[in-house]
Amino acid sequence: MTRRTKIVATIGPASDTIEMLRTLIGAGLDVVRLNLSHGDLEDHLDKLGRVRDAAEDAGRHVAVLADLPGPKIRSGHFPDGGVSLDGGTCVRLLPGDGPSDDSIIHVQYATLLEDLRPGSRVQLGDGAISMTVEEVTVDAAIARIETGGKVNGQPGVHLSSDMLRLETPTEEDLVLAEAVAAAGVEYIAVSFVRHAADVERVREVVGDRARLVAKIETRAALDDLDAIVSATDAVMVARGDLGIDCPIEDVPHLQKRIVRHCVELGKPVITATQMLESMVSAPSPTRAEVSDVANAVFDGTDAVMLSGETAIGRDPVGVVATMATIAERAESEASYRQWANRLGRAQRELSVEATPGNRITMALSHAASQAAMDAEVAAILCCTRSGRTARAMARFRPEARMVGLSPDLKMVRTMALTWGVEPMKVETYESTDEMVWFAVEKALAEGVVVHGDTVLVLAGAPGRDRTIVATDVLRMVRVD
């Protein structure tokens, strides 16, 4: 059984040479993440070029995800060597970029005192240090440290998302989005999304040159989740900031809710943050991390993501190989047929607000899911120009191998994020019969099927203007 859950890996100093990228792709990397919060644009564009060369060398179609920085609030610089902030003590929070120490913390946020109030929570870094505001005066906010620790440099400062006046996306985000879209990345991730309008602002700049990924990491985003998922092309469950903005015990339940909602609608979903964090420095993961990755697979996530593990870790290739092994083992126990049956029963409710074309696609992919099980087909071949056919079919998490075939190279790469889809490029087809023939011929040539197999082919018949408005072709073919 080949692995169906995709792996997203962040590229950084430990992994951005072309030799390392080739090895990572061979180990199972499907999507490369460029974290635009670190490094300059030219450096990231150079990495993009190396990814393309490495993927071509490896004979694989790899997607690239550029992750926008979003609004960042940082503290003033702490002394070299860091300082300890002790639990139970009080500190003064002041707006500005002055220095910080164990009694005064400057915060680079002009309206800090206007936005804080008694009872507000403030956290530093990844949330390890937390404090509660007790009083706000005209000069400072007085906060008591609840959980202390040592701080260095200029850690990020986290305020509750419902207080922030910072705009998402920032002007810098929009400039970066234009640049990476022009460079040809497949996906752009929008950070700190709070409303569907945040995604649409990036869409106005990017157009159809790249797919957008909404990062769900704020409480406000949860309140507008349905609209955000409808407005975006894919979703990332960014558990780091989500676990700061929401009670940490809620995060596993929110993860399951978001993943389930996205899969039902055919929107690729990535589960991210600290999945194999200990492997930044350790040769093997903790048992809890292995369970975390496996449970994300059981949830039905399209992809699992690595951050510092591959960007700055001691063994990026070992991390990717470990994650691939965990995911494949979990898939062997996952109840995908049960998932398909439940989704099939929910079809009527899901299609109520869909467009006529989407309703046809949803209905035919449902029929294909059942037919694939009944006939025990060797593979499901999804012919697509927009990726919609493959995404609709992937919702049912079929047991048969699933291949996404397109004449558009960018779309082929884009399908690398969708669960279970093995992307392949085919020639341009002019008729439905030709489309089916090309699909079967390609699958046979690539060793996906052999003579004597039965395959199922899904496609959209092109209309008079050569556009395809729905998946409306379903054929079962015996390969001989």
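Miscellaneous remarks
- The stretch 103-126 residues that are surrounded by fewer than 22 Cβ atoms within 10 Å (Cβ to Cβ), paired with ones that are part of a helix (DSSP H, G or I) (beta carbon under 7 Å, 6 or more apart): Gln123/Ile244; Asp126/Gly240
- Qualifying residues in the stretch 408-454 (those that are assigned to a helix (DSSP H, G or I) and small (Gly, Ala, Ser)) - the one farthest from Gly266 (Cα to Cα): Ala445
- Asp173 vs. criteria crowded, with 19+ Cβ neighbours inside 10 Å, of a type outside the set (A, V, I, L, M, F, W, C) and without any contact (Cβ under 8 Å) to a residue 40 or more places away in the chain: no
Residue by residue, here is whether (1) polar (S, T, N, Q); (2) in contact with a helix residue (DSSP H, G or I) (Cβ under 8 Å, 6 or more places away or on another chain); (3) surrounded by fewer than 23 Cβ atoms within 10 Å (Cβ to Cβ) holds:
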position	(1), (2), (3)
Ala9	no, yes, no
Ala14	no, yes, yes
Leu29	no, yes, no
Gly39	no, no, yes
Asp43	no, no, yes
Lys47	no, no, yes
Asp53	no, yes, yes
Ala58	no, yes, yes
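- In the stretch 428-480, residue modelled with the highest pLDDT [restricted to those that are closer than 15 Å to Asp408 by Cβ and surrounded by fewer than 11 Cβ atoms within 10 Å (Cβ to Cβ)]: Thr467
- Test: residue in the stretch 235-244 that is touching a helix residue (DSSP H, G or I) at 6+ places or on another chain (Cβ under 8 Å), more than 30 Å from Asp315 (Cβ to Cβ) and modelled with pLDDT under 95: no
- Condition check for Ala416: in contact (Cβ under 8 Å) with a residue 60 or more places away in the chain and over 19 Å from the mean Cα position of the chain (by Cα): no
- Complete set of residues in the stretch 16-27 that are surrounded by 17 or more Cβ atoms within 10 Å (Cβ to Cβ) and of a type outside the set (A, V, I, L, M): Asp16, Arg22, Thr23
- Residue identified as out of contact with any helix residue (DSSP H, G or I) (no Cβ under 6 Å at 6 or more places or on another chain) and either of a type in the set (Gly, Ala, Ser) or closer than 30 Å to Arg385 by Cα (or both) among Ala181, Ala177, Ala143, Ala196: Ala143
- Screening Gly28 against (1) touching a residue at least 12 places away in the same chain (Cβ under 8 Å); (2) at negative phi; (3) under 32 Å from the mean Cα position of the chain (by Cα) leaves a single unmet condition, (2).
- Checking the stated criteria, Ala140 turns out not to satisfy the condition of being assigned by TED's automatic domain parsing to the domain that holds Thr218, touching a residue at least 12 places away in the same chain (Cβ under 8 Å) and over 28 Å from Arg239 (Cα atoms).
The values are calculated or read from the model by the stated rules, or taken from the named source; none is laboratory data. Please read all numbers here as calculations on a predicted model, not as lab measurements. So basically every Cβ, Gly included, is an ideal-geometry build from the backbone, and we count neighbours across all protein chains shown.
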